[in-house]
Amino acid sequence: MAEPTEFRLRPIGYVRSAVGERKSMPPLGTIADVELLPEFAAGLLRIEKHSHLWVMAWLDQAEREVLQVTPRGVSDRGPAGLHGVFAVRSPARPNPIGLTLTRILGLDGLRIRCERLDFLDGTPVIDLKPYFVTRDAALAANNAPIGRPLNREALRDALTLQAANFHGELCPDLALAVEAIERFRAEQLELAEPDAWEITVPLAWPCLVDAVMGMTRATPGKGNLHFAVGDEIVIHHGGGRWSYPLTRRQP
Ligand SMILES: [Zn+2]
């Protein structure tokens, strides 16, 4: 039997977002709705069991003929910045399927309010699947950096997301941890992510420890996260030592 060479998809709904063009989309997306078509409403039964959702969309404006791109955030526009489309999350690819993990903020009839959805207004949605912590969360996963954040705000947003994804809430100690890691990367590494560093965190700051683990993926088991008494985060990198003193804020 011949292998099929084409498939037909149909939208199950559309993105309803305040952002209608790509250059206005924040790097981590924005609060937006997925509006299901009425004939698929029954498919939402018990979706409230899940906090997070994979949203798959058909990126109808994407380029489909290229196989290598220099993604957003890569400063080297020469050959060294080129990446295969299967090695990056650029919309350009033969089948322009967008895949974004989002947190469900609320349900209202056919509309699912999503946090950090990075699809443009009107983008066709082709599928929704729940995020399973038991199999989707590969906490030991790693990426060699593809590019560096566009600016300090983009770095802060990315760090806050990683910290909150690990810790589960935004709290004052988490914000302090973000500030320290952001400052180190901005002042010492031109925003880049270090390939090797060791971090010492204070035992008496549990929320901050969670946040640092989420942002850096350092763990005691890997040997790059250490605990100490005191009120500072200490970073060792490339033979240098940086200390970030902490002062607790009122929540
Ligand atoms: Zn907390």
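From the list ASP231, ASP195, the one residue that fits, being open to solvent by 40 Å² or more (accessible area, probe 1.4 Å), away from the ligand (no atom under 16 Å from the Cβ), more than 18 Å from the chain's Cα centre (by Cα) and closer than 22 Å to ALA141 by Cα, is ASP195. If the condition is being more than 16 Å from the ligand (Cβ to nearest atom) and under 20 Å from the mean Cα position of the chain (by Cα), then segment 198-218 contributes THR216, ARG217, ALA218. Filtering segment 138-161 to residues that are part of a loop (DSSP other than H, G, I, E, B), touching a helix residue (DSSP H, G or I) at 6+ places or on another chain (Cβ under 9 Å) and either free of Cβ contacts under 8 Å to residues at least 60 places away in the same chain or open to solvent by 80 Å² or more (accessible area, probe 1.4 Å) (or both) leaves LEU139, ARG148. Selection within segment 1-60: residues that are in contact (Cβ under 8 Å) with a residue 12 or more places away in the chain and of a type in the set (Phe, Trp, Tyr). The member of this set that is farthest from PRO91 (Cα to Cα) is PHE40. The set of residues from segment 169-192 being touching a strand residue (DSSP E or B) at 6+ places or on another chain (Cβ under 9 Å) and either among the β-branched types (Val, Ile, Thr) or within 14 Å of the ligand (Cβ to nearest atom) (or both) comprises LEU176, ALA177, ILE181. Quick check on VAL66: is it open to solvent by less than 90 Å² (accessible area, probe 1.4 Å) and not in a loop (DSSP other than H, G, I, E, B)? Answer is no for this residue.
The values are calculated or read from the model by the stated rules, or taken from the named source; none is laboratory data. Since this is a predicted model, take the numbers as computed values, not measurements. Here the Cβ is made from the backbone with ideal geometry for all residues, glycine too, and neighbour counts use every protein chain on show. When the accessible area is computed, the model is the full protein with side chains, heavy atoms only, and any ligands, DNA or RNA have been set aside. Shrake-Rupley method; radii C 1.70, N 1.55, O 1.52, S 1.80 Å.
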